[in-house]
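Asks: There's a structure below that I have some questions on.
The values are calculated or read from the model by the stated rules, or taken from the named source; none is laboratory data. Only a predicted model underlies this, so the values are computations on that prediction, with no experimental measurement involved. A quick note on method: Cβ atoms are made from the backbone with ideal geometry, for glycine too, and the neighbour counts reach across all protein chains shown.
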Amino acid sequence: MISLSRRINASEYEFLVLVLEFDIRQGWKAYLFNNCAEWLNMKCGIAPGTAREKVRVATALFDLPKTSSAFAEGKLSYSKARALTRVADPYNEEELLEYAIPATASQVEAYSRSLRNAKHRISTDDVNRIHRSRYLSCYNHADAVRSSVPS
């Protein structure tokens, strides 16, 4: 059963490679679709949200060679690869893979979500700090009311 699961994972990777190539070549245009996900929905019977996610994962894997390799070898399931592509980059890819391969798909999803949320909190803090530093000052002159807004 485990060897079949690995073959399924490897086949899913092959499918995503084809999806990426089809999307890059815009093969879906010949069928008068607006994008690759629409084509996958109509021609492969994949739900629209799932189709969009497959295109996103296929595109992300292009820049993640180690994740792609592990997926192609069947070491990663689609679920794990999907979660990793939300947070992986060339700098943290190897570390994330070391965690993901022995972990369950649920654990990888939760870990990836926590990383994504951590980055969101950092950026939110930055935005809030910038927002708090903004100000408007008004003052009266004998000839008119003037205001200044710093850039």
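Asks: In the list L84, L115, which residue meets the criterion of being of a type in the set (A, V, I, L, M) and at pLDDT 95 or above?
Replies: Checking each option against the conditions leaves just L84.
Asks: For region 26-84, give me each residue that is assigned to a loop (DSSP other than H, G, I, E, B) and at negative phi.
Replies: Answer for region 26-84, where residues must be assigned to a loop (DSSP other than H, G, I, E, B) and at negative phi: F33, N34, N35, I46, A47, F62, D63, L64, E73, K75, L76, S77.
Asks: Only one of A88, A103, A110, A10 is among the hydrophobic types (A, V, I, L, M, F, W, C), outside any helix (DSSP H, G or I) and surrounded by fewer than 17 Cβ atoms within 10 Å (Cβ to Cβ). Can you tell me which? I'd like the intermediate steps shown before the answer.
Replies: Working: A88 fails: surrounded by fewer than 17 Cβ atoms within 10 Å (Cβ to Cβ); A110 fails: outside any helix (DSSP H, G or I); A10 fails: outside any helix (DSSP H, G or I).
Going through A88, A103, A110, A10 in turn, just one is among the hydrophobic types (A, V, I, L, M, F, W, C), outside any helix (DSSP H, G or I) and surrounded by fewer than 17 Cβ atoms within 10 Å (Cβ to Cβ): A103.
Asks: Can you find, within region 23-45, the residue that is nearest to A70 (Cα to Cα) among those that are within 19 Å of the chain's Cα centre (by Cα) and surrounded by 16 or more Cβ atoms within 10 Å (Cβ to Cβ)?
Replies: Across region 23-45, the extreme among qualifying residues is D23.
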